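The values are calculated or read from the model by the stated rules, or taken from the named source; none is laboratory data. Fair warning: this is a prediction, and the values are worked out from it, not measured in the lab. FYI the Cβ positions are ideal-geometry reconstructions off the backbone, even for glycines, and counts take in every protein chain you see. All accessible areas refer to the heavy atoms of the entire protein, side chains included, with ligands and DNA or RNA removed. Shrake-Rupley method; radii C 1.70, N 1.55, O 1.52, S 1.80 Å.
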There are 2 protein chains.
Amino acid sequence: MPRNDKQVRLWVEGQLRAAGLKVTPQRYAVLDYLWSNRTHPTAEEIEAAVNQRFPCASRATVYNTLHALHEAGLVQELYGQGGVTRYDIKVEPHHHFICRRCGLIEDVKVERLSVKARLPLQSGHRVEELDVVIRGLCAKCRKIAEG
Amino acid sequence: MPRNDKQVRLWVEGQLRAAGLKVTPQRYAVLDYLWSNRTHPTAEEIEAAVNQRFPCASRATVYNTLHALHEAGLVQELYGQGGVTRYDIKVEPHHHFICRRCGLIEDVKVERLSVKARLPLQSGHRVEELDVVIRGLCAKCRKIAEG
DNA sequence: ATAACCGTTTAGACTTAATCTAATTTACGT
DNA sequence: ACGTAAATTAGATTAAGTCTAAACGGTTAT
């Protein structure tokens, strides 16, 4: 696990290469941003962030990159109410809590939630990942809703 | 659990009233359709289906109704790739398998997948539901992908 | 050097799921 | 029946995400 800037650079570049992707400034910027910001950003937020210092990535490229990273298993896509996809770097497995009122997303450590499956689930289907989303009201919205 | 048409009618009306919703033809049609078709339809598919015999529900009403039914806990919303929400009547708890290639959605019986949580997950958050989505490739797409 | 090559990026048009609005209609308790 | 709050409507609007065809870049061969 990288500890300083140089190590992060090497880690990001290594991950891209390992996924069979050329290391371009745009891809580097997106993956580096996701490494540093575990805030479940939208594609739009990522685009704005990586272009803040100086424009380098178009919208199409941000989407292309995110799809490639997802395909490569480096990034998780989070689908929720409103049809806006959020992105999350896959460093260690975890689940998510999503508030149905304000949209807050919080990580849930796997230790708190044990999932036991009897595989195979359906004949012939290949299970690749298991997304668990806990939905409800966050503390803040709970207070508002309960009055 | 309703067994014939009359019982279904009474069940649907009862569910609507219990949720504090007036029984309108549009709402009746939507909930009845979801009762009879456990195919995880989109709002568009539902709109087309309930208007097939004779037009009765506008798009806005279909969405309003689905939101109301979801709010009331009668219907589950399924969010996936593509940003198209799918709807599923909540009759008995189950999970879902979704093929990342063709989008196939299949129910997974809870017996096959047990989720155990250590509550409370986060201080103050109210847990309302737990969505488990198994993602991967269905048998068909698996064959195509593996060549 | 130069050329050819293939994957990547780009701007901007396009698609479409879902929302919004303001006027009209309807369900249902009294 | 009546009154009213709730529900419905058509159509305009929004915005997330995709598509397209041209340009770019870096690699390898000549």
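Which condition from (1) under 26 Å from B:Lys140 (Cβ atoms); (2) at pLDDT below 95; (3) among the acidic types (Asp, Glu) is the one that A:Glu77 breaks?
The failed condition is (2).
Quick grid of which residues meet (1) within 25 Å of B:Val12 (Cβ to Cβ); (2) under 18 Å from the mean Cα position of the chain (by Cα):
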site: B:Arg59; (1), (2): yes, yes
site: B:Tyr87; (1), (2): yes, yes
site: B:Arg100; (1), (2): no, no
site: B:Ser123; (1), (2): no, no
site: B:Val133; (1), (2): no, yes
site: B:Cys141; (1), (2): no, no
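Got a sec? Which strands (runs of 3 or more DSSP E) wholly within the stretch A:43-147 have at least 3 residues that are open to solvent by 40 Å² or more (accessible area, probe 1.4 Å) and facing another protein chain (nearest Cβ under 8 Å)?
Working: elements: A:75-78, A:86-89, A:94-99, A:105-109, A:113-117, A:126-137.
It comes to A:113-117, A:126-137.
Select from the stretch B:59-72 the residues that are free of Cβ contacts under 8 Å to residues at least 24 places away in the same chain and not charged (D, E, K, R) and write down the one among them that is nearest to A:Gly136 (Cα to Cα).
Restricting to residues being free of Cβ contacts under 8 Å to residues at least 24 places away in the same chain and not charged (D, E, K, R), the top hit is B:His70.
Looking for whichever is under 13 Å from the mean Cα position of the chain (by Cα) and either assigned by TED's automatic domain parsing to the domain that holds B:Arg27 or under 17 Å from A:Val127 (Cα atoms) (or both) here; the options are B:Leu104, B:Leu113, B:Leu66. Which one fits?
Details: B:Leu104 fails: under 13 Å from the mean Cα position of the chain (by Cα); B:Leu113 fails: under 13 Å from the mean Cα position of the chain (by Cα).
Selected residue: B:Leu66, the only one of B:Leu104, B:Leu113, B:Leu66 that is under 13 Å from the mean Cα position of the chain (by Cα) and either assigned by TED's automatic domain parsing to the domain that holds B:Arg27 or under 17 Å from A:Val127 (Cα atoms) (or both).
What single numbered condition from (1) assigned by TED's automatic domain parsing to the domain that holds A:Tyr28; (2) over 24 Å from A:Met1 (Cα atoms) fails to hold for A:Leu119?
Result: A:Leu119 passes all but (1).
Please determine, by comparing only the residues of the stretch B:1-35 that are of a type in the set (Gly, Ala, Ser) and within 15 Å of DNA strand D (Cβ to nearest atom), which one is surrounded by the most Cβ atoms within 10 Å (Cβ to Cβ). It would help to see each step written out before you state the result.
Taking the stretch B:1-35 as the starting set, the residues that turn out to be of a type in the set (Gly, Ala, Ser) are B:14, B:18-20, B:29.
Cutting the leftovers down to within 15 Å of DNA strand D (Cβ to nearest atom) gives us B:18-20, B:29.
On the way: B:Ala18: 10, B:Ala19: 15, B:Gly20: 9, B:Ala29: 21.
Residue satisfying both the conditions and the ranking: B:Ala29.
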